[in-house]
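Contents: one structure, followed by commentary.
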Amino acid sequence: MSVRPRFDPNRAARHRRARIGMVVFQLATLVGIVVLMALLYNIINNAFGLAAIEYRIYPATLGLDLETLPQTPRERLLEILETHLSPGLRRSLERTRPLTQRSNEELAALVLERVLQPKVLDTWPLVPSLLHTQDIVAEVHARFPQAEVRWVRWLNTRFLTRPQSSAPLRAGVRTAILGSLWLVVITAATALPLGVAAAIYLEEYARKDRWYNRLIQVNINNLAGVPSIIYGILGLAIFVRALEPLTSGAVFGAVAEGVTANGRTVLSGGLTLGLLVLPIVIINAQEALRAVPNSLREAAYALGATKWQVVWHHVLPEALPGIMTGTILALSRALGETAPLVVVGASTFITFDPVHPFSKFTALPIQIYQWTARPQPVFRNLAAAASLTLLLLLFLSNGIAVYIRHRARQRRLV
Amino acid sequence: MTETPAVELRNLNVYYGSFQAVRDVTLAFPKHKVTAIIGPSGCGKSTVLRSINRMNDLIPNARIEGEVIFEGKNIYDPDVDPVEVRRRIGMVFQKPNPFPKSIYENVAWGVRINGFRGTKSQLDDIVEEALRAAALWDEVKDKLHQNALALSGGQQQRLCIARAIAVKPDIILMDEPASALDPIATLRIEDLMRDLVQNYTIIVVTHNMQQAARVSDYTAFFSTDESRTGFLVEFGPTAQIFTNPKDPRTEAYITGRFG
Ligand SMILES: Nc1ncnc2c1ncn2[C@@H]1O[C@H](COP(=O)(O)OP(=O)(O)OP(=O)(O)O)[C@@H](O)[C@H]1O
Ligand SMILES: [Mg+2]
């Protein structure tokens with residue numbers, strides 16, 4: 001005879017526990033969202049707002065409108081330059097390239113930099129600027145009777161397209177964006193093939209019951225957790241110092257211009273970041289390969305396929321979306337790395353674009369770091385604008401990852 | 001049996017690590033016949049089947065002793081290439097596993113990777129022939145370039161059979177090919193086996209007694225001993241196994257008093 005079990009339903013308690021669980025999970029999500037919002041708030045708050053600006057010559061006195069400066073009639077710009085530039089400066093400018101041959105944009109830039117010479121005296125974040133506009137205006141008039149209060153978008157097209165400068169209103173992140181892009185390309189070019197190849201070896205070829213393969217696996221898992229500064233030190237020792245002839249471009253005869261800087265090139269930086277993300281790429285790719293059902297491999301083998309044919313024709317295409325998303329996430333991490341680049345010798349102040357792998361370089365996080373270290377308040381705004389740029393780049397790359405995954409899924413279902 | 005068998009197992013032992021899954025199987029599968037392998041779950045039917053085309057090589061801890069003689073040669077000899085063995089001895093799996101590609105590609109791929117040198121239209125012919133042989137052509141001829149995953153389970157399984165015959169094997173191994181299908185689809189697969197057996201030797205694992213009785217010419221009954229190792233109890237013509245088994249264990253299993 002079977003014993004009829006006695007149930008103690010106590011469903012009320014079970015439901016209560018379920019509700020508590022739900023609340024805890026909701027809270028956790030909420031905390032995450034709040035932190036994220038705080039971060040965004042902080043950045044956006046500093047990337048826009050009022051600024052007190054002083055000019056050597058006020059635009060109004062010359063009948064100029066700052067917003068539409070490049071649209072000012074050409075003759076007027078030339079005339080202003082004629083009358084307000086010192087003869088010595090004008091001669092040297094003419095010698096570089098006659099003013100009359102320069103574009104309206106260039107002339108406008110000259111007027112701004114050499115004639116008007118704006119100087120930021122103080123800045124206010126977005127929220128106080130919106131809430132206490134009157135107070136701020138009054139305060140500026142009291143403190144700097146000369147100054148003008150203006151709305152400034154610190155993140156603007158000029159900011160994105162101009163190189164670094166010591167004058168805050170002229171400083172931009174062009175060099176840093178290009179540096180970051182170079183870094184990402186070099187990082188991807190090294191970490192993706194190496195990482196995928198290693199993952200294929202580990203998942204498809206290596207026998208997991210062999211101690212050396214397990215040792216490799218454990219090592220890779222641990223390497224993924226090594227602090228990035230350690231990779232910087234490694235990169236310094238290997239790429240900057242030991243491989244200097246290669247990474248400086250000396251062996252390729254590329255050291256001609258002043259662009260190159262011994263081993264402290266964008267190539268060294270990219271390779272270092274490549275090392276840094278390699279374990280992450282490997283682990284992600286392994287995960288993607290492991291998710292390929294074994295039945296697919298068996299189907300191919302049962303037709304007389306070789307291992308190479310199985311992997312190349314079936315396993316890899318099937319794992320590719322996963323590999324790509326994993327890789328792009330790893331590259332996003334590389335995009336935000338600062339410490340290893342500082343160690344490898346990213347420049348903190350350069351104004352020329354990286355043009356080849358042997359260029360000196362800087363990167364967005366470096367630029368941000370450097371600006372936050374400055375005492376003048378205006379650099380805080382520049383740092384915020386650069387942070388916003390970096391975030392947008394990250395969103396862009398994550399968006400690409402999502403798109404790739406989506407495309408791949410669609411392709412499978414056709 | 002006077003004719004040489006299609007494939008012959010001699011004193012086959014299969015181990016997974018230290019566990020012996022199958023012991024001492026000696027068995028000759030007749031040419032151009034359907035042989036059913038039946039037996040309780042875990043008695044090593046799949047294991048035996050997979051050792052006939054060296055699919056067990058893919059399992060890291062599997063180990064094989066004994067011989068599998070195919071065309072006068074032990075396929076486990078060191079000079080035999082498992083890739084060639086698997087082309088000559090194809091396999092259809094329990095769960096339909098078409099490639100996530102077009103129907104056409106599913107069939108053509110195996111042909112191509114085995115070094116097919118010919119024109120596109122020759123390949124088209126091979127694909128059509130295989131799909132016809134698998135009784136699938138009429139259903140898919142208008143959508144050859146659609147994804148195979150959009151087919152029904154039964155159609156997918158027939159596609160897998162088409163894929164297997166496209167590379168012109170001698171033997172087709174089937175591991176419970178109809179167990180994931182509904183009764184109608186199952187019957188179609190069974191009919192198909194009867195058609196195919198004129199050109200191929202078929203070895204099929206099944207849990208379904210009626211199916212074994214309907215479809216097979218010969219039946220091998222496996223069982224397990226107290227250490228869960230599988231062994232061959234009885235082999236003979238299906239009619240004899242089902243009506244007049246020599247071994248009382250076979251009779252018990254067939255009449256449903258066991259397993
Ligand atoms: N990869 C493996 N590793 C270890 N043991 C295995 C492996 N595959 C099968 N076995 C064991 O070998 C024995 C035989 O398995 P097999 O799959 O051949 O049985 P089967 O007769 O096909 O069973 P079923 O009818 O349930 O499919 C079982 O005890 C099983 O647990
Ligand atoms: Mg089985």
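Details
- Using a probe radius of 1.4 angstrom, the carbon and sulfur fraction of the accessible surface of chain B is 48%.
- Shielding score for A:292-301, defined as the mean number of other chain Cβ atoms within 10 Å: 5
- When peptides A:350-361, A:160-171 are ranked by their average number of other Cβ atoms within 10 Å per residue, the highest-first order is A:350-361, A:160-171.
- Accessible area buried between chains A and B, both sides summed, probe 1.4 Å, in Å² to nearest 100: 1900 Å²
- Model label points for B:H32 and A:R14, set 7 angstrom from Cα along the Cα-to-Cβ axis, are 6.3 nm apart.
- FRET efficiency for the pair A:R405 and A:N219, taken as 1/(1 + (r/R0)^6) with r the Cβ-Cβ distance and R0 = 35 Å, rounds to 0.75.
- DSSP-assigned coil residues among trypsin sites (Lys or Arg not before Pro) in region A:1-63, each with at most 16 further Cβ atoms within 10 Å: A:R6, A:R56
- The simple Förster model, with R0 at 22 Å and r as the Cβ-Cβ distance, assigns A:N398 and A:R153 a FRET efficiency of 0.35.
- Alpha-carbon gyration tensor eigenvalues x 5, square-rooted, for region A:174-413, Å: 37, 21, 16
- Coupling constants for region A:354-371 follow from the phi torsions by the Karplus curve (6.51 cos²θ - 1.76 cosθ + 1.60, θ = phi - 60°), and in residue order they are x, 10, 8, x, 9, 7, 5, 8, 9, 9, 3, x, 5, 4, 4, 4, 5, 6 Hz; glycine and proline get x.
- The fraction of Cα-Cα pairs per 10 angstrom bin, counted from 0 for the protein assembly as shown, comes to 3, 11, 16, 15, 14, 12, 10, 8, 6, 4, 1, 0 percent, rounded to whole percents.
- Candidate cross-link partners of B:K143 among the lysines, defined by an alpha-carbon separation under 17 Å and a same-chain spacing of 8 or more, comprise B:K101.
- Think of each Lys and Arg Cβ as +1 and each Asp and Glu Cβ as -1; about the Cα centre, that makes the dipole of region A:281-414 roughly 240 debye.
- Estimated vicinal HN-Hα couplings, Hz - region A:344-353 in sequence order (Karplus 6.51, -1.76, 1.60; Gly, Pro = x): 6, x, 5, 6, 8, 9, 9, 10, 9, 5
- Placing a pseudo-label 7 Å from each Cα along the Cα-to-Cβ vector at A:A142 and B:N208 gives an inter-label distance of 9.2 nm.
- Cα long-axis angle, helix A:266-290 against chain A (0 to 90 degrees, to the nearest 10): 30 degrees
- Cβ neighbours within 10 Å from other chains - mean over B:158-164: 1
- Close amide-amide hydrogen proximity is noted between B:M174 and B:V92, B:I203, B:V204, B:V205, each under 5 Å apart and 5 or more residues distant or on a separate chain (H modeled in the peptide plane; Pro and chain starts excluded).
- Residue pairs, from the table B:K141/B:K168; B:K45/B:K95; B:K33/B:K246, whose Cα atoms sit over 18 Å apart: B:K141/B:K168; B:K33/B:K246
- Near B:E234, the amide H atoms lying under 5 Å from its own belong to B:F221; only residues 5 or more places off or on other chains count, and H is placed 1.01 Å from N.
- The simple spin-label model puts a point 7 Å past each Cα toward its Cβ; for A:L160 and B:D57 those points are separated by 5.7 nm.
- If you take all other residues with their beta carbon under 11 Å from the beta carbon of A:A199, and give Lys and Arg +1 and Asp and Glu -1, the sum is -2.
- Remark: region A:35-49, residue by residue, has Karplus-estimated 3J(HN,Hα) of 4, 4, 4, 4, 4, 4, 4, 4, 6, 5, 4, 8, 8, 9, x Hz, where x stands for each Gly or Pro and the curve is 6.51 cos²θ - 1.76 cosθ + 1.60 at θ = phi - 60°.
- Stretch in chain B that is longest and holds no GluC sites (Glu not before Pro) that DSSP places in a loop and that have at most 12 other beta carbons within 10 Å: B:72-225
- Charged neighbours of B:Y76, selected by a Cβ distance under 10 Å, balance to -2 (K, R count +1; D, E count -1).
- Average Cα contact separation per residue, region A:205-361, under 8 Å, 6 or more apart, as relative contact order %: 35 percent
- Extension gain (nm, one decimal) between A:Y205 and A:E67, 0.36 nm per residue minus Cα-Cα: 43.4 nm
- Summed residue charge, Cβ within 9 Å of B:G230's Cβ, Lys/Arg positive, Asp/Glu negative: +2
- Across the protein chains, with a 1.4 Å probe defining accessible surface, the residues B:I126, B:I38 rank B:I126, B:I38 from largest area downward.
- Solvent-accessible surface (1.4 angstrom probe) belonging to B:I75, in square angstrom, nearest 10: 10 Å²
- Stretch gain in nm, segment A:F25-A:E54, where the contour uses 0.36 nm per residue and the Cα spacing is subtracted: 5.2 nm
- Extended-chain gain in nm, criterion 0.36 nm per residue less alpha-carbon gap, B:K246 and B:D79: 56.2 nm
- Cβ neighbours within 10 Å from other chains - mean over B:107-113: 4
- Region B:88-185: trypsin sites (Lys or Arg not before Pro) in DSSP loop, at most 14 other beta carbons within 10 Å: B:R117, B:K141, B:K143
The values are calculated or read from the model by the stated rules, or taken from the named source; none is laboratory data. Bear in mind the structure is a predicted one, so any value in this text is a computation, not a measurement. Heads up, the Cβs are rebuilt from the backbone with ideal geometry, glycines too, and the neighbour counts pull from every protein chain shown. Calculation scope for accessible area: heavy atoms of the full protein, side chains included, ligands and nucleic acids excluded. Shrake-Rupley method; radii C 1.70, N 1.55, O 1.52, S 1.80 Å.
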